Amino acid sequence: MNDTKIYNLLSMAQRANKVASGDFAAVKAVQEKKARLVLVASDAADETKKKYQHMAEEAGIKLYYLFNREKLGHCIGKEFRAVVVILDKGFADALVKLL
């Protein structure tokens, strides 16, 4: 896994406005079937991990555990983020290849 490339892709996706982050926005994106990929911080709470694992399985979306909350948030220019949802197929496919 190439952390620098993943960081750059997440940063580009954020600048392109193709990211939903935070619990409310992430849940909404998954429920509205806009989500293409779900990234959950490896140090997120167990309940958060279970919640998104279940939602991703139900929606047929890939889910990966990536970085910690601080680093995941930093990738998209935020402070701490337990969940980041990619809304664009191109960015999601590129990230999956790196993961």
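The values are calculated or read from the model by the stated rules, or taken from the named source; none is laboratory data. Note that this is a predicted model, so its numbers are computed, not measured. Note that we place each Cβ from the backbone using ideal geometry, even for glycine, and neighbour counts take in every protein chain shown.
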Count of residues meeting criterion [touching a Phe, Trp or Tyr at 6+ places or on another chain (Cβ under 6 Å) and either of a type in the set (Ser, Thr, Tyr) or assigned to a helix (DSSP H, G or I) (or both)] in the stretch 20-59: 1
Working only within the stretch 36-83, note down all residues that are in contact with a helix residue (DSSP H, G or I) (Cβ under 6 Å, 6 or more places away or on another chain) and of a type in the set (A, V, I, L, M, F, W, C). Leu37, Val38, Val40, Ala41, Met55, Ala59, Leu63, Cys75, Ile76, Phe80, Ala82, Val83
Leu39 crowded, with 16+ Cβ neighbours inside 10 Å, touching a Cys at 6+ places or on another chain (Cβ under 6 Å) and of a type outside the set (D, E, K, R): no
So which pairs qualify, if the first residue must be in the stretch 27-39 and farther than 20 Å from Phe67 by Cα, the second must be of a type in the set (A, V, I, L, M, F, W, C) and surrounded by fewer than 17 Cβ atoms within 10 Å (Cβ to Cβ), the Cβ gap must be under 9 Å, and the two must be at least 6 apart or on different chains? Val30/Ala59; Gln31/Ala59; Lys33/Ala59
Suppose we filter the stretch 12-48 for residues that are hydroxyl-bearing (Ser, Thr, Tyr) and closer than 21 Å to Leu98 by Cβ; how many remain? 2
Taking Lys33 as meeting all but one of (1) buried (at least 20 other Cβ atoms within 10 Å of the Cβ); (2) out of contact with any Ser or Thr (no Cβ under 8 Å at 6 or more places or on another chain); (3) on the phi > 0 side of the Ramachandran plot, write down the number of the exception. (1)
Residue identified as closer than 17 Å to Lys28 by Cα and hydrophobic (A, V, I, L, M, F, W, C) among Val83, Val96: Val83
Of all the residues that make up the stretch 86-99, how many are closer than 19 Å to Gln53 by Cα, outside any helix (DSSP H, G or I) and either touching a Phe, Trp or Tyr at 6+ places or on another chain (Cβ under 9 Å) or of a type in the set (D, E, K, R) (or both)? 1
Search result, residues across the stretch 26-47 that are under 18 Å from Glu79 (Cα atoms) and more than 11 Å from the chain's Cα centre (by Cα): Ser42, Asp43, Ala44, Ala45
Selection status of Tyr52, of a type in the set (Phe, Trp, Tyr) and within 11 Å of the chain's Cα centre (by Cα): yes
In the stretch 61-77, is there at least one residue being on the phi > 0 side of the Ramachandran plot, among the small types (Gly, Ala, Ser), at pLDDT below 95 and assigned to a loop (DSSP other than H, G, I, E, B)? yes
